[in-house]
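Every number in this text was worked out from the coordinates using simple rules, so none of it is lab data. Everything quoted here is computed from the prediction, not taken from an experiment. Reconstructed Cβ throughout: ideal geometry from the backbone, glycine too, with neighbour counts over all protein chains shown.
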Amino acid sequence: MDDKPTDYPFEEMLKAAQAKIDKGMLVYQKFTCSGCGARLMIPEPNEFHGEADCASCGAWTNIREQGCNYQCMLVMHVGGGNGASEGQGYDNS
Ligand SMILES: [Zn+2]
C-alpha cells in the first residue's frame, strides 16, 4: 500500500548519505527486516551494513540486495559538555 517505506539501491543510498556526512551530519541507515517486516535502524551513525540482523525475529536481511534508506540528523556543536542549551545564538559556520 501507500505507507510502505521507500528504499533505494544500496550504492545510491551510500552516495547520498556520504554527501550528508560530508556536511557534518549524522546518518543512520534504515532498512526493512526481511523476516518480520519491521523497520530497523542501525544504531551507530555513519555506518552502513550490507546485511544486518533483526532484534525482534533474528532474521538476517541482505540489505545490498533489498535496498535501504537513511535518516540524517544535524549535529549541534555544544561546547564544554555541561548544560545542553549553552551557546545560544552562536553561528558555528
Ligand atoms: Zn525481524
- Column: log10 I(q)/I(0), Debye, Cα scatterers of segment 10-74, q = 0.12, 0.19, 0.24 Å⁻¹: -0.27, -0.65, -0.95
- Message: On a full-extension model of 0.36 nm per residue, what is the gain between Met76 and Met25, subtracting their alpha-carbon distance, rounded to one decimal in nm?
- Response: 17.4 nm
- Item | Where labels lie 7 Å past Cα in the beta-carbon direction, separation of Leu14 and Ser34 in nm | 1.8
- Query: Using a Förster distance of 25 Å, how high is the FRET efficiency between Glu65 and Lys4, based on the Cβ-Cβ distance and rounded to 0.05?
  - Reply: 0.90
- Can you tell me which of 21-34, 53-66 comes out highest on packing, and rank the rest after it, using the mean Cβ neighbours within 10 Å? 21-34, 53-66
